[in-house]
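S.K.: If you scroll down you'll find the structure; I have some questions about it.
The values are calculated or read from the model by the stated rules, or taken from the named source; none is laboratory data. Bear in mind that the values here come from a model prediction, so they are computed numbers and not experimental data. Reconstructed Cβ throughout: ideal geometry from the backbone, glycine too, with neighbour counts over all protein chains shown.
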Amino acid sequence: MRALCYLMLAMGVASILGAAEKYTIAVVPMGTTHQYWKLIHAGAKKAQAELQAEGLDVELIWKGPLREDDRDQQVQVVENFMARRVSGIVLAPLDMRALVAPVEQAVAAGIPVVIVDAPLNSKAPVSTIATNNYLSGRLAAQRLSEVLGGQGNAILLRVQVGSGSCEAREQGFLDELAENHPGIKVISSNQHGGATRNTALAASQNLLMRYGREVNGIFAPNESTAAGMLLALDNIGLGKGKVKLIGYANSEVFADALRSGDLQGLVLQDPVKMGYLGVKHVVQVLRGEKVPERVDTAVVMATKEYVDQPEVRELIGGGS
């Protein structure tokens, strides 16, 4: 009888230990349409595969709003995952304020949250993995000044209010021009392109209708604004470098635009690394390990001359 009790106890302990190695990780992007988020997903799946190879049972659930301006839907997604009691959440918050409450509620409920791509105005997340967006905006300004020869009129097409990552890029761009490039005059910086190519196209057309004869260079700080502005410039015959354009996106479409001369610079992040480290950090925390509070995943400025270099191709998503 005593032997039977020991056997049952041992089986119970084994069962508990086995359960502790099973994790359900929710990965919540800002949206699911742009190529950028597909690269985040690829990084998350890479981490899942490695963890499974180590003997851990890791399930990934990928779910986010269709559009990157649907704050309410992203809040609802996070709240639903909290109600389902997932093991952990990897989140790219599309609004640095609107997502604070659901994230803090999840953490208070014992669900660790790792932030990727964009900042959140909260100390609740266990880790933030992202680009230094402010410095990357400065890099975009430096490139624009370079291709303009330090002289000319510039436009900043913003993305949307509340997007912490894009707002940091925009501020970095403006600060760099103001502090170090006195020959560049910003003639418009208060218009927003929005979360889709169509909304960005409409905003771009309005800007070019007003400033088309004056503008020499433009910065579009995300995928939707870059796509909309590219099309708008082409539609009125200002493509191919007649108006210099610096974009910010990870997609083969923009690599082609560099090759054709429609783009003069493209800021590339490392979304695969963000997704990969996001999942890794959540699992490490769940296993009682420490993770860095912040990881800078760095950026690369791609140009026509370097677009087909292996390190650039990898960031774009085209492999080496």
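S.K.: Kindly indicate the residue of the range 106-119 that is part of a loop (DSSP other than H, G, I, E, B) and at pLDDT 95 or above and also nearest to the chain's Cα centre (by Cα) among those meeting that condition.
M.R.: Initial filter on the range 106-119 (part of a loop (DSSP other than H, G, I, E, B)): 109-112, 117-119.
Add one more test, that the residue is at pLDDT 95 or above, and what stays is 109-112.
On the way: Ala109: 26, Gly110: 26, Ile111: 22, Pro112: 20 Å.
Residue satisfying both the conditions and the ranking: Pro112.
S.K.: Of the numbered conditions (1) surrounded by 24 or more Cβ atoms within 10 Å (Cβ to Cβ); (2) over 18 Å from Gly193 (Cβ atoms); (3) in contact with a helix residue (DSSP H, G or I) (Cβ under 8 Å, 6 or more places away or on another chain), Lys240 satisfies every one except a single condition; which is it?
M.R.: Lys240 satisfies every listed condition except (1).
S.K.: Go through the range 85-112 and give me each residue that's without any contact (Cβ under 8 Å) to a residue 40 or more places away in the chain and on the phi < 0 side of the Ramachandran plot. Can you show your working first?
M.R.: Applying the first criterion (without any contact (Cβ under 8 Å) to a residue 40 or more places away in the chain) to the range 85-112 yields 85, 99-111.
Answer for the range 85-112, where residues must be without any contact (Cβ under 8 Å) to a residue 40 or more places away in the chain and on the phi < 0 side of the Ramachandran plot: Leu99, Val100, Ala101, Pro102, Val103, Glu104, Gln105, Ala106, Val107, Ala108, Ala109, Ile111.
S.K.: While we're here: Hey, does the range 50-59 have a residue that's surrounded by 17 or more Cβ atoms within 10 Å (Cβ to Cβ) and in a helix (DSSP H, G or I)?
M.R.: Within the range 50-59, one or more residues are surrounded by 17 or more Cβ atoms within 10 Å (Cβ to Cβ) and in a helix (DSSP H, G or I).
S.K.: Output the residue which, of all residues in the range 197-220 that are in a loop (DSSP other than H, G, I, E, B) and of a type outside the set (A, V, I, L, M, F, W, C), is nearest to Asp262 (Cα to Cα). Let's see the steps before the verdict.
M.R.: First, pick out the residues of the range 197-220 that are in a loop (DSSP other than H, G, I, E, B): 212-216, 220.
Those left that are additionally of a type outside the set (A, V, I, L, M, F, W, C): 212-214, 216.
On the way: Gly212: 16, Arg213: 18, Glu214: 18, Asn216: 13 Å.
Restricting to residues being in a loop (DSSP other than H, G, I, E, B) and of a type outside the set (A, V, I, L, M, F, W, C), the top hit is Asn216.
S.K.: If you go through the range 221-237 one residue at a time, how many are assigned to a helix (DSSP H, G or I) and on the phi > 0 side of the Ramachandran plot? Write out each step before concluding.
M.R.: Step one: filter the range 221-237 for residues assigned to a helix (DSSP H, G or I), giving 223-235.
Next, only the ones that are on the phi > 0 side of the Ramachandran plot stay: none.
The number of residues fulfilling the criteria is 0.
S.K.: Pairs only if they're at least six apart or on different chains, beta carbon under 8 angstrom, first in the range 246-263 and crowded, with 24+ Cβ neighbours inside 10 Å, second in a helix (DSSP H, G or I) and among the aromatic types (Phe, Trp, Tyr); list them, first residue then second.
M.R.: Gly247/Phe254; Ala249/Tyr36; Asn250/Tyr36; Leu263/Phe254
S.K.: If the Cβ limit is 6 Å and pairs must be 6+ apart or interchain, which residue in the range 127-141 that is within 16 Å of Ile218 (Cβ to Cβ) and outside any strand (DSSP E or B) pairs with which residue that is modelled with pLDDT of 95 or more and among the aromatic types (Phe, Trp, Tyr)?
M.R.: If the second residue must be modelled with pLDDT of 95 or more and among the aromatic types (Phe, Trp, Tyr), the pairs left are Gly137/Phe173; Ala140/Phe173; Ala140/Phe219; Ala141/Phe173.
S.K.: Tell me, which helices (runs of 4 or more DSSP H) lie completely within the range 238-320 with 3 or more residues that are closer than 20 Å to Tyr134 by Cβ?
M.R.: Values: elements: 252-260, 271-286, 310-316.
Here the list reads 271-286.
S.K.: Additional query: For Val75, all conditions in the list (1) of a type outside the set (Gly, Ala, Ser); (2) out of contact with any Phe, Trp or Tyr (no Cβ under 7 Å at 6 or more places or on another chain); (3) buried (at least 22 other Cβ atoms within 10 Å of the Cβ) hold save one; what is the number of the exception?
M.R.: Only one criterion in (1) of a type outside the set (Gly, Ala, Ser); (2) out of contact with any Phe, Trp or Tyr (no Cβ under 7 Å at 6 or more places or on another chain); (3) buried (at least 22 other Cβ atoms within 10 Å of the Cβ) is unmet by Val75, namely (3).
S.K.: Any idea which of Gly278, Gly265, Gly212, Gly237 is in contact with a Ser or Thr (Cβ under 9 Å, 6 or more places away or on another chain), of a type outside the set (Asp, Glu) and closer than 26 Å to Gly150 by Cα? Explain how you work it out, then say what you get.
M.R.: Details: Gly278 fails: closer than 26 Å to Gly150 by Cα; Gly212 fails: in contact with a Ser or Thr (Cβ under 9 Å, 6 or more places away or on another chain); Gly237 fails: in contact with a Ser or Thr (Cβ under 9 Å, 6 or more places away or on another chain).
After applying the criteria, what remains is Gly265.
S.K.: Checking Val295 against (1) in contact with a Leu (Cβ under 7 Å, 6 or more places away or on another chain); (2) assigned by TED's automatic domain parsing to the domain that holds His34, which single condition isn't satisfied?
M.R.: Unmet condition: (2).
S.K.: I've got another one for you. For the list (1) crowded, with 24+ Cβ neighbours inside 10 Å; (2) part of a helix (DSSP H, G or I), I need the number of the one condition that Glu179 fails.
M.R.: (1) is the only condition that Glu179 fails.
S.K.: Still on this structure, please answer the following. Restrict the check to the range 38-47 and report whether at least one residue is under 22 Å from the mean Cα position of the chain (by Cα), under 18 Å from Cys166 (Cβ atoms) and not assigned by TED's automatic domain parsing to the domain that holds Ser251.
M.R.: Here is the first cut: in the range 38-47, the ones under 22 Å from the mean Cα position of the chain (by Cα) are 38-47.
After this cut, where a residue has to be under 18 Å from Cys166 (Cβ atoms) as well, the list is 39-40.
Filter again for not assigned by TED's automatic domain parsing to the domain that holds Ser251, leaving 39-40.
Yes: one or more hits.
S.K.: Which of the residues that make up the range 32-49 are under 19 Å from Val159 (Cα atoms), in a helix (DSSP H, G or I) and not hydrophobic (A, V, I, L, M, F, W, C)? Quick ask: steps written out before the conclusion?
M.R.: Step one: list which residues in the range 32-49 are under 19 Å from Val159 (Cα atoms), which gives 32-37.
Next cut, in a helix (DSSP H, G or I) only: 35-37.
The answer is Gln35, Tyr36.
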